[in-house]
1. Give the ranking of B:PHE196, A:PHE62, B:PHE236 by solvent-accessible surface, highest area first, calculated with a 1.4 Å probe.
2. Among A:HIS138, A:HIS149, what's the order by accessible area (1.4 angstrom probe), most exposed first?
3. I'd like the interface area for chains A and B: accessible area of each alone minus the complex, both sides summed, 1.4 Å probe, protein heavy atoms only. What is it in Å² to the nearest 100?
4. Of B:SER268, B:SER234, which has the most accessible area and how do the rest follow, probe 1.4 Å?
5. In terms of modelled amide H atoms, which long-range or inter-chain residues lie less than 5 Å from the amide H of A:CYS169?
6. How much of B:LEU531 can a 1.4 Å solvent probe reach, expressed as accessible area in Å² and rounded to 10?
7. Can you tell me which lysines have their Cα less than 26 Å from the Cα of A:LYS43? Leave out same-chain residues fewer than eight positions away.
8. Where the accessible area of the stretch B:156-271 is counted over protein heavy atoms with a 1.4 Å probe, how much of it, in %, is carbon and sulfur?
Amino acid sequence: MTELLRTEAMSVVYGGLHAVNGLDLRVDEGRLVGLIGPNGAGKTSFIDGISGFTRTQGAIHFRGRRVDREPAHRRARLGLGRTWQSLELFEDLTVRENLQVGAERQTVGGFLLDLVRPGRQRDQTDVDWALDVLGIAHLADRLPTEISHGQRKLVGAGRTLAARPALICMDEPAAGLDTTESEQFGRRLRRIVDAGVSILLVDHDMGLVMGVCDEVYVIEFGTRIAHGTPAQVVADEKVRAAYLGTKAAS
Amino acid sequence: MTRPRTPSARLRTGVPALVVVALLAVILAKGDYRANFFSGGGFALGALVAAIALGVVVTYRGSGVVNLAGAAVAMYAAYVYADLRAHGDLFLPPLPNPLAPIEGLVHLAGDDSFAVPHWPTSVSFGTAMGFWPALVLALVFCALFGLVLHVAVFRPLRHAPVLAKVVASVGVLLFLQAVVVRRFSTTTQVVGPLPFVDKTQVDLGLFKITQEQLFVVCLVLVLAVALWALFGRSRFGLAVRAAAENEKGATVLGFSADRLAAATWVLSTVVTGLLGIFVASVNSAVDPNTMPALIVPAVTAALVGGFTSFGWTTLAAFGLGMQVSLVTFLGANESWFPKAGGLPVPGVDLLVPLVVIVAVLALRGQSLPTRGVLGPGRLPFSPSARPWALRYGGPGLAVVALIPGVFFLSPAMRDGLTNTLTGIVICLSIVVLTGFIGQISLAQTSFAGLSAYTVASLSTHHGWPFPLPILAGAAVAVVAGVLVALPALRVRGVHLAIATLAFAVAVDKVVFANSWINGGFDGATVTTPDLLRSQDTATHEFLGVTIGDGTQPNPLTLVFCLVVVVALGYLVANLRRSLTGRQMLAIRSNERAAAAAGVNVAAVKVLAFGVSAFIAGVGGAVIAYRTGNVTPDKFLYDKSLMFFAFAYLGGIASVTGAVTGGLLVGGGLGFTVLNQVFGLPDEFVLLLGGLGLVVTAVLNPEGVAGKARTDLLALRRRLRPPAPADPPTSTDSATMADSSTPAEPLIPADTATPTTGPTPTVPSAAPTPNAAPTPNAAPTPVASGSAAGSHVSGSAGATPAVAGEAR
């Protein structure tokens, strides 16, 4: 299997706090990899780290390149997409325009041409494809403020998908969904992977992660405590302790 | 706060500290430097800056507003006090008079002697008032003013975006200045001395200082300590800190967040007003311009103190106040001091705050906001121009402005129209920068002025023929714009507003007040082709039509301005419709998400600053050509504030908004009409502008054009029967699961190979019952609709129709 993303001893440090502490993780092409852990385990910090939104230590390799010093937008253009827990849609742009921002790349010549002929026909293939995959084509001309929360989630995913990434890191995409919705969502993820896009799924919905992922990493306090197929992970003593502990606390 | 420090954090505090210590060492080592740095005048100025800065910090901590009008409050208080001392009058701001239109109509009818009762312009307390009653009355006035600011302006804005708060405080600043100018004109007002101290020198060993200066300094230090104790050591301070975090926090402590904010507003206006009064007394004079400009060093000091620390703020304020006399001394005596045309460059003391701001922001700023840091907040919606608007808008505007402008309007109205046109250009530059990409620049007329002076120099001294200097001027503006963009890469929101304001104030002095550049007494002349020069009174024959009636201004100047406005209007409208425009709006609403979508945030920001400065630069060049000479007063920082105000009033996010802003702008068509038809005096321009700005920010954050648009949409929605089936609204349960169901069968594993094939996946092998192979052109609506039919009954029928309409 071809390696897509690999972190080596990656750490994220805020002040003296090690939010992520020397994490090794690998995502291969065509895989749906889960990353779970209790609240505050460093999941979002890990995604922020690999996508370039927070400073990291250690190495991050993506498609055979070392990317840990690249700025966020360049990592995105290399095919390392991400979604946001809080969606962070562009509220002033229509759904289609949201996806276009993800899909289109600007050049100097393109900018100058834009000033004269802004409405010229652009290649919409990727945008249309993403709208199709997520079933939100009928929302294309609406503003994010006019659609439901569930639909907004799809737009957030679509914006990332429209850039034709090789890997999407999803930050808690199933938050706020009930069990049935979450199952449907899981099938959708599987289709994206089957379409050739790998996914790193970060969530604390055990059902979803265990149900769809090929392999799962479990982290706690920024450190990996287990890795393997869902079955192996579920059987792991440390994982049970961590999760039962969380449940007892909440 | 004790937080472990990384090496880079240590470097970030260590290096600036070393620089400051080294500078102080040099100053202390040389007798001349020491005497000029630690001078009485420097201390007094430092005290005033410190008081304004303390007021800024207090309001920021209490209500999260960076009050750019803080220094204007000091000026206003000094005027109130001076008028009470001198004449026993408490002057009042002009109040709206409901009867005034009647008077205007009667005057129009020809009877100029008719007058309705008017509001009093002041309340008289007899003749000249003593020190204490005048002081107490002035401070009571300050307290009331602080309360009014809170209740009428900033409380309604407490959840508003940062931009609205900045705009409101700029409005207050313009309003206060305008009231003073209306009542006292721009001349300096004499202020009597303080009764209990005089000008005897006190020798403090290291330096000498007059009694009154020493008094003022001590007072500020006492105030700083008192504020520190109040905020750091009392329950009130704890509640303010709690309220800043979370309104409920204060409630838990038994305080009302609202009352706390009110208290901090009153506290800040009283502290600022008190020192305004005392320093004006020490200087024996007050004028409407000097003190309000001190907001720049004051805000710089507050920035050094992180808008929280009273100690650091006071120290920095004194430093920034005291360096002024030292820099003046250096300019006069040191050979290494930068010279322009044999004279020391003016305004270097204003570069110091700018350098400090840039340094502080560069050290503290983040190239992308961290989690939880908010941007400028929601800005007015930026509509993309409709095709019909693009097709007919430009020609329509041209015809509407051109025919009356050239043939029918009176000279005064023609002048007003031309002012409107140049105003539209500046407003367009603000639309790009603030409306599209959410960056606040208060330096747009600085860009225009730099361009105008370039045009003057190239056309007159280097003999460049007509259109070329416009491009050169715009190029100079672009360079300046890109320079200003550099701090913008790391800071946002109100911090950027502060940095650009400091830039504008510095450019005013360093460039525009520099006699080597501004042409000294004679001004800088622009060699204008006769056809374009506004003063030209010749008539011209074009195709048998006579243009011009032998009076100034030349109608062809108007045509020239109109051509530029239409061209730039199209440029901005096109920008909004383009990919670059989408990227700008993406950055405006969320920088982190834009970066994650692959947008190079830094590059697009620099580009936006460049485009905006280019437009402003063309505007400056047009203004230069139009009048044939360049004077600094058209480009000073207060003009930037004014244009920002009117652009926001008009509607900051669209070309229509810029046109509306141009109509409202001072000297523009709107005010010319008011002036010519209703006899409204010129001073009311700023007054109404300032007031209008505050009112707009509070009531109607989308601006006039934005409001018109939302009203129109609401009207259309009411007139149109409700759409039969609108999927997201018709199905209440249109959650992700529902809406995603229809497309589920669309991507069968075996056919979908998106990374290799660019075509959208067509469900040729889809296991849906009625998904017949659909044409490649529009597979989505049909397929998703028919697929939906088998799953969701409620929304299924509507889906294809809506999707089809969307295309």
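The values are calculated or read from the model by the stated rules, or taken from the named source; none is laboratory data. From a predicted model like this one, the values you see are computed outputs, not experimental measurements. So basically every Cβ, Gly included, is an ideal-geometry build from the backbone, and we count neighbours across all protein chains shown. The area values use the complete protein model at the heavy-atom level, side chains included, leaving out ligands, DNA and RNA. Shrake-Rupley method; radii C 1.70, N 1.55, O 1.52, S 1.80 Å.
1. B:PHE196, B:PHE236, A:PHE62
2. A:HIS149, A:HIS138
3. 5700
4. Per-residue accessible area, sorted high to low, gives B:SER234, B:SER268.
5. A:GLY81, A:ARG82, A:THR83, A:LEU200
6. Counting only protein heavy atoms, B:LEU531 exposes about 80 Å² to solvent.
7. A:LYS153, A:LYS238, A:LYS247
8. 63
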